[in-house]
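These notes are about the structure you will find just below.
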Amino acid sequence: MNNMIFDSNEKLNEAAANLIISQVQTNPRAVLGLATGGTPVGIYEQIVHEYQRGMFSFRQATTFNLDEYVGLPINHPESYHSYMNHHLFSHIDLPQEQSHLPDGNATDLQAECDHYDQAIENIGHIDLQLLGLGHNGHIGFNEPSHALSRGTHIVDLAEETRQANARFFDSIDSVPKQALTMGVGTILKAKKILLVVKGEDKAAIIARALQGPITTDCPASLLQTHPNLIVMLDEAAASQLDKQS
């Protein structure tokens, strides 16, 4: 595990973006696992800024997003399809057919989960997986549970997760109750994982995830088992870490 702590949001975003850019520059056919939510916004802004300088291309890359809400139209402003188009895809040269998100409006959701897993398996592996962290320790939408699903699956969103995401919607009642999410097993198969966490409100859970027991009650704690985990934190998020660990 490689923990990096930054004294500004700008430096953190730049470092995370540079890691992703370097992956594409080193391997133009890189397979990237992408995340949504508030944490990656500045990272994607930095990627777009650097892309506009003409130093690299996404033309041969492939992306797989972690998750998508169930029942939210693709063109809804808070769908993750819309999020990715707004923050990244519409600004770079990634071919549309090489960007993948689960279809939360599929007629057969289980078949869609199976299809998504097969698409990832067909391409081989994810080279670099970007992750944020939920207040309850979820990664993707893998919520705390007595057991975690290995592959893409339908998940009932925890009330805490819906409350956290309500800021993006008109009210809590508008937040979908289910999502499709890549499973922890698939996430852990990525060659490299970049976990980015910001803010004092995440300090307790990141300390638990990185330095607490490995348990499905804190899905992010399973990242401790990954051989190539890079953690980027701001000082507030890192404030409860045991510096001796």
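Confirm whether A147 is out of contact with any Phe, Trp or Tyr (no Cβ under 8 Å at 6 or more places or on another chain), open to solvent by 20 Å² or more (accessible area, probe 1.4 Å) and among the hydrophobic types (A, V, I, L, M, F, W, C). So A147 fits the description; yes.
Against the numbered list (1) without any contact (Cβ under 8 Å) to a residue 24 or more places away in the chain; (2) crowded, with 21+ Cβ neighbours inside 10 Å, V31 comes up short only at (1). Being touching a strand residue (DSSP E or B) at 6+ places or on another chain (Cβ under 8 Å), assigned to a loop (DSSP other than H, G, I, E, B) and open to solvent by 30 Å² or more (accessible area, probe 1.4 Å) is the filter here; which residues of the range 93-107 pass it? Answer for the range 93-107, where residues must be touching a strand residue (DSSP E or B) at 6+ places or on another chain (Cβ under 8 Å), assigned to a loop (DSSP other than H, G, I, E, B) and open to solvent by 30 Å² or more (accessible area, probe 1.4 Å): just D103. Of the listed requirements (1) within 15 Å of H135 (Cα to Cα); (2) in contact with a Leu (Cβ under 9 Å, 6 or more places away or on another chain); (3) open to solvent by 10 Å² or more (accessible area, probe 1.4 Å); (4) in contact (Cβ under 8 Å) with a residue 40 or more places away in the chain, A207 misses just one: (4). Considering only the range 165-177, I want to know if a residue exists there that is in a strand (DSSP E or B), modelled with pLDDT of 90 or more, under 17 Å from G134 (Cα atoms) and open to solvent by 20 Å² or more (accessible area, probe 1.4 Å). Checked against the condition, which is being in a strand (DSSP E or B), modelled with pLDDT of 90 or more, under 17 Å from G134 (Cα atoms) and open to solvent by 20 Å² or more (accessible area, probe 1.4 Å), the range 165-177 yields no hits at all. State whether the residues of the range 65-79 include one that is open to solvent by less than 30 Å² (accessible area, probe 1.4 Å), more than 26 Å from G134 (Cβ to Cβ) and either without any contact (Cβ under 8 Å) to a residue 24 or more places away in the chain or outside any helix (DSSP H, G or I) (or both). So far as the range 65-79 goes, no, none of its residues is open to solvent by less than 30 Å² (accessible area, probe 1.4 Å), more than 26 Å from G134 (Cβ to Cβ) and either without any contact (Cβ under 8 Å) to a residue 24 or more places away in the chain or outside any helix (DSSP H, G or I) (or both). Within the range 210-236, being of a type in the set (S, T, N, Q), open to solvent by 10 Å² or more (accessible area, probe 1.4 Å), in contact (Cβ under 8 Å) with a residue 60 or more places away in the chain and part of a helix (DSSP H, G or I) holds for one residue alone: Q224. For the range 66-102, what are the residues that are among the acidic types (D, E) and more than 22 Å from A190 (Cβ to Cβ)? Within the range 66-102, E78, D93 meet the criteria.
Remark: D201 falls outside the filter, which requires a residue to be without any contact (Cβ under 8 Å) to a residue 12 or more places away in the chain, out of contact with any strand residue (DSSP E or B) (no Cβ under 8 Å at 6 or more places or on another chain) and assigned to a helix (DSSP H, G or I). In the condition set (1) surrounded by 14 or more Cβ atoms within 10 Å (Cβ to Cβ); (2) not in a strand (DSSP E or B), L194 is compliant with all but (2). Would the range 52-63 turn up any residue that is within 29 Å of P227 (Cβ to Cβ), touching a residue at least 24 places away in the same chain (Cβ under 8 Å) and in a strand (DSSP E or B)? Scanning the range 52-63 turns up at least one residue that is within 29 Å of P227 (Cβ to Cβ), touching a residue at least 24 places away in the same chain (Cβ under 8 Å) and in a strand (DSSP E or B). The number of residues in the range 118-157 being in contact (Cβ under 8 Å) with a residue 40 or more places away in the chain, assigned to a loop (DSSP other than H, G, I, E, B) and under 19 Å from C218 (Cα atoms) comes to 16.
The values are calculated or read from the model by the stated rules, or taken from the named source; none is laboratory data. This structure is a prediction, so every number in the text was calculated from the model and none was measured. All Cβ positions, glycine included, derive from the backbone under ideal geometry; neighbour counts span all protein chains shown. Side chains are part of the model used for accessible areas, which takes the heavy atoms of the whole protein and leaves out ligands, DNA and RNA. Shrake-Rupley method; radii C 1.70, N 1.55, O 1.52, S 1.80 Å.
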